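The values are calculated or read from the model by the stated rules, or taken from the named source; none is laboratory data. The structure presented is a predicted model; accordingly, all values stated were derived computationally and were not measured. All Cβ positions, glycine included, derive from the backbone under ideal geometry; neighbour counts span all protein chains shown. Side chains included, ligands, DNA and RNA excluded: accessible areas come from the protein's heavy atoms. Shrake-Rupley method; radii C 1.70, N 1.55, O 1.52, S 1.80 Å.
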Amino acid sequence: QVQLLESGGGLVQTGGSLRLSCEASGSIFRGNVMGWYRRPPGKQRELVAAITSGGSSNYADSVKGRFTISRDNAKNTVYLQMNSLKPEDTAVYYCNRVDYQPYWGQGTQVTVSS
C-alpha cells in the first residue's frame, strides 16, 4: 500500500547530480502542495522545495538555482532534480505535504563526497 515511497538517493561526488522520486498515496498527493524535505546529520528536518498542484514552485535559498522540483499529477509522483551537489547537501530526503504531515516515509539517503 503506497503511502510515501522515496527513491533515487545514493553516493555522489561534489558537483554531481541525482534525481529523487517520491510516489505518494492519492490522499496525500492530490490537490496538495507537495514538498521535499531533508534532514542533515545531527540537524532538524527542513523544507527545501515545494510545488503546487498547478506547478508553481519555491525553493530554500540554499538550493535555489541547483535543485528543481516537479510533479506528475497522473502518477501521484513528485521529483527533485539535484545538480551541482555539495557536501552540505548530504541528508536523508523525504517528501510530504507542506501544510500537514500525518506521517513520514523512510526517506532516501543522499551522500555527497568532497
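Tell me, yes or no, whether the stretch 95-109 has at least one residue that is open to solvent by 70 Å² or more (accessible area, probe 1.4 Å), free of Cβ contacts under 8 Å to residues at least 12 places away in the same chain and of a type in the set (D, E, K, R).
no
Looking at this structure, is residue 50 open to solvent by 70 Å² or more (accessible area, probe 1.4 Å) and more than 23 Å from residue 114 (Cα to Cα)?
So residue 50 fails the test.
Only residues that are of a type outside the set (A, V, I, L, M, F, W, C) and open to solvent by 20 Å² or more (accessible area, probe 1.4 Å): list them for the stretch 85-94, please.
86, 87, 88, 90, 94
Is at least one residue of the stretch 23-44 in contact with a strand residue (DSSP E or B) (Cβ under 6 Å, 6 or more places away or on another chain), small (Gly, Ala, Ser) and open to solvent by 20 Å² or more (accessible area, probe 1.4 Å)?
No: zero hits.
Conditions first: (1) in contact with a Pro (Cβ under 9 Å, 6 or more places away or on another chain); (2) over 15 Å from residue 16 (Cβ atoms); (3) touching a residue at least 24 places away in the same chain (Cβ under 8 Å). Residue 88 passes all but one, so which condition is the exception?
Only one criterion in (1) in contact with a Pro (Cβ under 9 Å, 6 or more places away or on another chain); (2) over 15 Å from residue 16 (Cβ atoms); (3) touching a residue at least 24 places away in the same chain (Cβ under 8 Å) is unmet by residue 88, namely (2).
Is it true that some residue in the stretch 59-76 is open to solvent by less than 60 Å² (accessible area, probe 1.4 Å), under 20 Å from residue 1 (Cα atoms) and among the acidic types (Asp, Glu)?
Among the residues of the stretch 59-76, at least one is open to solvent by less than 60 Å² (accessible area, probe 1.4 Å), under 20 Å from residue 1 (Cα atoms) and among the acidic types (Asp, Glu), which makes the answer yes.
Which number in (1) under 21 Å from residue 65 (Cβ atoms); (2) surrounded by 13 or more Cβ atoms within 10 Å (Cβ to Cβ) marks the one condition that residue 17 misses?
In the conditions (1) under 21 Å from residue 65 (Cβ atoms); (2) surrounded by 13 or more Cβ atoms within 10 Å (Cβ to Cβ), residue 17 misses (2) alone.
Please go through the stretch 1-47 and pick out each residue that is among the basic types (Lys, Arg) and farther than 13 Å from residue 92 by Cβ.
19, 30 - these are the residues of the stretch 1-47 that are among the basic types (Lys, Arg) and farther than 13 Å from residue 92 by Cβ.
Looking for something in contact with a helix residue (DSSP H, G or I) (Cβ under 7 Å, 6 or more places away or on another chain) and part of a loop (DSSP other than H, G, I, E, B) - is there at least one such residue anywhere in the stretch 84-98?
no
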